[in-house]
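The block underneath contains the structure these notes are about, expressed in structure tokens.
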Amino acid sequence: MKEESRSGRTAGDAQAGELKKTASAPDSVPEISPDMTVLDVIHRYRETEAVFKGYDDAEAGGCICCSALFETLEDVSAAYGIDRDELLEALRRAACR
């Protein structure tokens, strides 16, 4: 039998509300570092694939996910002339979505 508070809510209702709050708001910035590979990043944070695709034709001249999947972000930024810090920031923002 559930115990109700004065408001008529049960302890389970309060816990469910807390879970919703914590699930929707990330506690910290995602851990994405220059030594991670493109595959590592996309595997952990699926939303980041769109960031890589955004760089494909405009800056990289081809598909980063196709040709550099096993390269580190450091190597990708150097090889394709992409600002490393800008790439990391864009990936972290996408991973928070």
request  = Kindly indicate which of E86, E74 is at pLDDT 95 or above, part of a helix (DSSP H, G or I) and surrounded by 14 or more Cβ atoms within 10 Å (Cβ to Cβ).
outcome  = E74
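Out of the residues in the stretch 26-49 that are assigned to a loop (DSSP other than H, G, I, E, B) and closer than 18 Å to I82 by Cα, state the one that is nearest to the chain's Cα centre (by Cα). Step through it out loud before you land on a result.
To start, the set of residues in the stretch 26-49 that are assigned to a loop (DSSP other than H, G, I, E, B) comprises 26-36, 45.
Checking the rest, the ones that are also closer than 18 Å to I82 by Cα come to 32-36.
On the way: I32: 8, S33: 12, P34: 14, D35: 16, M36: 13 Å.
By that ranking, first place goes to I32.
The values are calculated or read from the model by the stated rules, or taken from the named source; none is laboratory data. Quantities reported herein were computed from a predicted structural model and do not represent experimental measurements. Cβ atoms come from the backbone with ideal geometry, glycine included; neighbour counts cover every protein chain shown.
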